[in-house]
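Since the structure comes first, as structure tokens, the remarks are kept for the end.
The values are calculated or read from the model by the stated rules, or taken from the named source; none is laboratory data. Please read all numbers here as calculations on a predicted model, not as lab measurements. Positions of Cβ are generated from backbone atoms using ideal geometry, with glycine treated the same way; all protein chains shown enter the neighbour counts. Ligands, DNA and RNA are stripped out before the accessible areas are found, and what is left, the full protein with its side chains, is counted by its heavy atoms. Shrake-Rupley method; radii C 1.70, N 1.55, O 1.52, S 1.80 Å.
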Amino acid sequence: SKLRRIPSNPTAMEKRPLGNTGLMVSPIGFGCSPLGNVFGGFNEEDGINAVHEALKEGINFFDTSPFYGITKSETVLGKALVGIPRDSYVLATKVGRYGPDEFDFSAARVTTSIQESMQRLGGLFFYN
């Protein structure tokens with residue numbers, strides 16, 4: 001049997017408050033580890049298209065990390081978000097793990113990690 005495509009309607013997906021931040025997020029998030037080749041190789045264009053499809057379907061919460069693909073996930077996500085209005089999505093990234101056995105939670109490394117993530121994600125700002 002053929003699968004029926006659900007029409008795109010980003011306003012149809014319910015949004016919920018993210019704690020006390022004032023941000024509203026979709027109950028389904030987009031985990032970005034596959035954009036970093038975590039589960040095997042992929043075509044970068046397919047990853048960018050997947051992000052765009054998620055946005056079209058109302059998913060506005062994207063979770064990434066510099067550890068996913070050793071920065072590749074953040075880089076691909078940043079490319080996918082070029083030209084997308086900043087108020088139409090919420091990003092979550094991480095600090096502290098930078099390789100299979102590389103951990104650094106020092107204030108200096110966390111500060112540098114945030115700056116590096118912002119560059120990879122297109123100079124975006126983070127909620128503080």
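Observations on the structure shown:
- Val90 modelled with pLDDT of 95 or more and touching a Leu at 6+ places or on another chain (Cβ under 6 Å): no
- Residue within the stretch 76-89 that is open to solvent by 20 Å² or more (accessible area, probe 1.4 Å) and in contact with a Cys (Cβ under 8 Å, 6 or more places away or on another chain) present: no
- If the condition is being over 15 Å from Pro34 (Cβ atoms), charged (D, E, K, R) and either in contact with a strand residue (DSSP E or B) (Cβ under 8 Å, 6 or more places away or on another chain) or part of a loop (DSSP other than H, G, I, E, B) (or both), then the stretch 56-94 contributes Glu57, Lys94.
- Test for Ser65: is it open to solvent by less than 40 Å² (accessible area, probe 1.4 Å), of a type in the set (Ser, Thr, Tyr) and closer than 19 Å to Gly29 by Cβ: yes
- Picking from residues in the stretch 99-113 that are assigned to a helix (DSSP H, G or I) and either among the hydroxyl-bearing types (Ser, Thr, Tyr) or in contact with a Cys (Cβ under 7 Å, 6 or more places away or on another chain) (or both), the one that is least open to solvent (accessible area, probe 1.4 Å) is Ser113.
- When Phe39 is tested against (1) surrounded by 13 or more Cβ atoms within 10 Å (Cβ to Cβ); (2) aromatic (Phe, Trp, Tyr); (3) out of contact with any strand residue (DSSP E or B) (no Cβ under 7 Å at 6 or more places or on another chain), only condition (1) is not met.
- Of the listed requirements (1) loosely packed, with under 14 Cβ neighbours inside 10 Å; (2) touching a Gly at 6+ places or on another chain (Cβ under 6 Å), Asn20 misses just one: (2).
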